[in-house]
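Each remark here refers to the structure printed beneath this line.
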Amino acid sequence: MGEICLPGVRALSSSSFPSPLAIVAGGRPPLASWLGKFLPGRELWCADSGLAPCVEAGFWPSRLIGDGDSAPPELWSEAASGKTEVELFPVEKDFTDLQLALSRAGELGKYHVIVSGCWGGRFDHLWSAVNSALWALKRGVRVLAFADHAEVLFLLLGGEAWEIEAGDGPYDVLSLIPLGGDCGGVTIEGVRWPLSGAALSPERPFAVSNRFLYGKKPRISLEQGILGVYIGTA
């Protein structure tokens with residue numbers, strides 16, 4: 001069994017995986033209080049301006065990757081002075097900072113990742129981040145979740161079953177989002193509107209805004225595809 005423990009939510013997977021690398025990117029900054037519960041005991045990398053909320057919360061990454069165009073210059077300089085290993089890239093490049101970090105993770109054998117600093121702001125940035133996870137998966141790096149203090153998206157693969165426990169978190173909405181194509185044999189139990197063996201398509205994403213049931217742990221499984229399990233607030 002694999003396990004992901006986040007502040008306020010815990011997920012158990014039928015697939016096993018080691019403790020994932022944490023990458024904090026430059027989207028909505030995770031709250032310092034959330035990072036203070038999430039980061040201890042994890043290896044941490046930052047993609048460019050993801051450095052700022054981590055340092056504010058008291059955590060320096062072991063690796064900083066990006067073009068340095070959005071991180072506070074004084075923090076970048078302090079990191080480069082010996083606080084962390086810095087990989088600086090040109091501003092004019094073919095990859096996003098997060099894609100660079102995911103690619104480097106694969107090169108160094110870090111095959112399981114949780115990404116934070118990914119929500120909020122521009123839709124195109126979020127769309128790029130989620131699809132970068134599909135891009136990375138083809139290169140052997142699996143993003144298990146996108147997460148911060150307000151929203152979480154778990155990424156499930158065909159043949160897996162996951163159980164979600166969110167009793168201590170702020171979450172009351174659960175949505176199923178087919179990613180990168182159709183999902184087949186989708187089953188969800190322990191929610192207000194269960195499904196059994198359903199087919200989900202990106203062209204008609206109807207399995208959104210489900211609700212948790214008091215005392216129940218939603219259990220989701222799928223036979224084929226890549227399924228996003230999103231939890232947030234109504």
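The values are calculated or read from the model by the stated rules, or taken from the named source; none is laboratory data. Note that the structure is a prediction, hence the values are computed from the model and not measured. Note that we place each Cβ from the backbone using ideal geometry, even for glycine, and neighbour counts take in every protein chain shown. These area figures cover heavy atoms from the full protein model, side chains too; ligands, DNA and RNA do not enter into them. Shrake-Rupley method; radii C 1.70, N 1.55, O 1.52, S 1.80 Å.
Figures for the structure shown
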quantity	calculated
Cα centre as origin, Lys/Arg/Asp/Glu Cβ charges: the chain dipole, Debye	640
In Hz, Karplus ³J(HN,Hα) per residue of segment 25-36 (6.51, -1.76, 1.60; θ = phi - 60°; x = Gly, Pro)	9, x, x, 4, x, x, 4, 4, 5, 6, 4, x
Karplus-derived HN-Hα couplings along segment 213-229 (A = 6.51, B = -1.76, C = 1.60, θ = phi - 60°), whole Hz, x at Gly and Pro	10, 4, x, 9, 10, x, 10, 10, 9, 8, 8, 9, x, 10, 10, x, 10
Folded to 0 to 90 degrees: helix 123-137 orientation relative to the chain principal axis, Cα	80
Amide H partners (placed H, <5 Å) of Glu160, local residues excluded	Leu222
Residues Glu160 and Cys5, FRET efficiency given R0 of 22 Å [Cβ-Cβ distance, rounded to 0.05]	0.80
Too-long pairs where the Cα-Cα distance tops 27 Å, listed order kept, from Lys37/Lys110; Lys37/Lys217; Lys83/Lys138; Lys110/Lys216	Lys83/Lys138; Lys110/Lys216
Length gained when the stretch Arg122-Asp69 is fully extended (0.36 nm per residue, less Cα-Cα span)	17.4 nm
For segment 182-198, Karplus couplings with θ = phi - 60° (6.51, -1.76, 1.60), whole Hz, Gly/Pro x	6, 10, x, x, 8, 10, 9, 10, x, 10, 5, 10, x, 10, 9, x, 7
Chain lengthening between Val173 and Glu78 when straightened (0.36 nm per residue, less Cα-Cα)	30.1 nm
Peptides 50-56, 162-168, 196-202 ordered by average Cβ neighbours within 10 Å, highest first	50-56, 162-168, 196-202
Value in Å of the Kirkwood radius, where segment 1-92 supplies the Cα pairs that are averaged	14.0
Under 5 Å, built H, 5+ apart or other chain: amide partners of Arg63	Cys46, Glu85
Of all accessible heavy-atom area on the chain, the percent that carbon and sulfur account for (1.4 Å)	52
Amide H contacts of Val152 (H built 1.01 Å from N, under 5 Å, at least 5 apart or other chain)	Ile231
Principal semi-axes in Å for segment 107-197 [√(5λ), Cα gyration tensor, largest first]	23, 18, 14
For segment 28-123: accessible area per residue (Å², 1.4 Å)	48
Among [x] 23; [y] 18; [z] 39, the entry derived from the coordinates for percent of Cα pairs over 32 Å apart	[y]
Extreme residue, positive dipole direction of the chain, given options Ala136, Thr187, Phe38 (C-beta unit charges)	Thr187
